[in-house]
Amino acid sequence: MSEAEHIYTDSLLNKIKENPNVIDNYRELTNIYVSKQDYDSALSIYNKMLESFPDDVQALINSGSIYFYKKDFEKAISLYLKAVSIEPQNATIHYNLGNVYAEIGNFSSALKYYTNAIECGAIKGYVFSAIGILFQDNDDLENAKINYKKAIEIEPLNGEYYVNLANIYQREGDFLAASENYKRATELNPDDARASLCLANTYASMDLYEKAFEYFENTLKIDENNYSAYLCYAIALCDVENYEKAIELYRHAIEIDPTKPNAYILLANILINEQRYEEAIDLYQKTTKLAKEKLKMHVIYVFIANAYMLLEDTHNAILYYRKALREAPENNEVRLIYVEIMNAYIDRKVNK
């Protein structure tokens, strides 16, 4: 905030202090704080405003929205419920309550308030889309589709709704319907990297690789640092055995975000297939230095152990199978492999 803005906000604070009954001063000051994303200061003023004007619906809604943004859902619900008790036909409040209950996983309450919003006149695409997401999150794909289609019917030029609908078709394995809806989304929003990438992946699932590669390239034109796009593109290239370019893309993904394990692992898997075992082991080992919560460590240790077995380095293979077993002591598959290899190793030593 500039010096001039500080001076002006201080003057508004003084006006509120001198005369707390002028509502426009509160509104102007909160608008300034919100525009600067200073939500704590905005909440402080909203609280003072509600002391003088406890039934001001807009203050209740706005402060509730800030608490929602701050993930204080209990406080947000409390403020929205008070607001809706004052204006029971206010569709925005019902919609906001639906959002909060959806966020905390209360399906029935979320659906109730979204439905209330519609009954109060919010015949809007975004309300039906929110209901669609609610059903989708609860694995009711049929009702999700019904509501996404309603959203499209109301707002046929909103590409996001086509993506949501396409995601359902994708989950159901109806790749043709998914591709048609993703394609429509890309036509409405040519700069939508997500829709473009989803369309590319869908074409790859349909074995339409030329179209898939076209949209992978398109995605990277929109967002040249799209980590997921490089990975998905490389996976599709492996499907057509273009390993050289796939390796190039995985390496580029690692350059974009060296903290994510996926590209290391996928690249190492290709190198294993090409019998480049030492390089693969190096990549697997790099993933073990990343944050453990990002990956299942026992899986990586098994990959490393398998690579050492292919190098006929039983000693190091046993070392990493043992590490895998320490990470996942209840994993019977790892235990059986470890015991089998350990027994074979001991037999060789004994029979020398």
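Can you tell me the alpha carbon radius of gyration of region 174-248 divided by the globular rule-of-thumb value 2.2 N^0.38 Å?
That works out to 1.02 for region 174-248.
Coordinate range of the alpha-carbon atoms in region 161-202 per principal axis, descending: 26, 18, 12 Å.
When 1/r is averaged over all different Cα pairs and the result inverted, which Kirkwood radius in Å belongs to region 231-294?
It works out to 11.7 Å.
Give the distance, in whole Å, between the Cα centre of region 270-332 and the Cα centre of region 231-259. The distance from the Cα centre of region 270-332 to that of region 231-259 comes to 21 Å. Length gained on full extension, Asp207 to Asn316: 35.2 nm, using 0.36 nm per residue less the C-alpha separation. In this simple spin-label approximation, Ile341 and Ile154 carry label points 7 Å from Cα along the Cα→Cβ vector, and these lie 5.8 nm apart. For region 100-175, a simple Cβ point-charge model (Lys and Arg +1, Asp and Glu -1, everything else neutral) yields a dipole of about 180 debye relative to the Cα centre.
Taking label points 7 Å from Cα along the Cα-to-Cβ direction, Glu187 and Glu224 give a separation of 3.0 nm.
Among Arg251, Arg322, the order of accessible area from largest down is Arg251, Arg322, computed with a 1.4 Å probe on protein heavy atoms.
Modelled this way, with points 7 Å down the Cα-to-C-beta line, the labels at Thr115 and Asp24 are 4.4 nm from one another. For the chain, the longest principal axis of the C-alpha atoms and the axis of helix 125-137 are separated by about 40°. Helix 227-239: angle to the longest alpha-carbon principal axis of the chain, degrees 0 to 90, nearest 10? Computed tilt is about 40 degrees. Taking the protein heavy atoms of the chain in the context of the full set of protein chains, the accessible area attributed to carbon and sulfur is 48 percent at 1.4 Å. Scaled to the globular estimate 2.2 N^0.38 Å, the Cα spread of region 195-319, given as radius of gyration, is 1.13.
Using a 1.4 angstrom probe on the protein heavy atoms only, line up His252, His6 by accessible area, largest first. Can you show the working numbers first?
Working: His252 70, His6 90 Å².
Reading off the accessible areas and sorting them downward yields His6, His252.
Taking every pair of distinct Cα atoms and averaging 1/r, then inverting, what Kirkwood hydrodynamic radius in Å comes out for the chain? Could the numbers behind the result be given before it?
Working: mean 1/r = 0.0399 Å⁻¹.
Across the chain, the inverse of the average 1/r is 25.0 Å.
Quick one: dipole size for the chain, taken about the Cα centre, charges +1 on Lys/Arg Cβ and -1 on Asp/Glu Cβ, in debye to the nearest 20. Charge dipole, the chain, about its Cα centre: 1060 debye, nearest 20.
The C-alpha atoms of the chain define a longest principal axis, and helix 175-188 lies at about 50 degrees to it. The residues of the chain expose on average 54 square angstrom of accessible surface per residue, using a 1.4 Å probe on protein heavy atoms. Across the protein chains, with a 1.4 Å probe defining accessible surface, the residues Thr92, Thr30 rank Thr92, Thr30 from largest area downward. Shown in residue order for region 88-98 are the 3J(HN,Hα) couplings computed by the Karplus curve 6.51 cos²θ - 1.76 cosθ + 1.60 at θ = phi - 60°: x, 9, 7, 5, 4, 5, 4, 4, 4, 4, x Hz (x for Gly and Pro). What whole-number distance in Å separates the alpha-carbon centres of region 17-36 and region 145-218? Each part reduced to its Cα centre gives a spacing of 45 Å.
Lysine pair count for region 118-271 (Cα-Cα distance under 18 Å; residues 8 or more apart in sequence or on different chains): 10. A helix-only calculation puts the chain at -25000 deg cm²/dmol for mean residue ellipticity at 222 nm, using -39500 (n - 2.57) for each DSSP H run of at least four residues, averaged over all residues. Of the residues Ile235, Asn316, Leu267, the one whose Cα sits farthest toward the positive end of the charge dipole of the chain, with +1 on the Cβ of Lys and Arg and -1 on the Cβ of Asp and Glu, is Asn316.
Overall, the ratio between the Cα radius of gyration of region 1-111 and 2.2 N^0.38 Å, rounded to two decimals, is 1.15.
The values are calculated or read from the model by the stated rules, or taken from the named source; none is laboratory data. Keep in mind that this is a model prediction, so the values were computed, not measured. Positions of Cβ are backbone-derived with ideal geometry, glycine not excepted, and every protein chain shown enters the neighbour counts. Heads up: the accessible areas ignore ligands, DNA and RNA and are worked out on the full protein's heavy atoms, side chains in. Shrake-Rupley method; radii C 1.70, N 1.55, O 1.52, S 1.80 Å.
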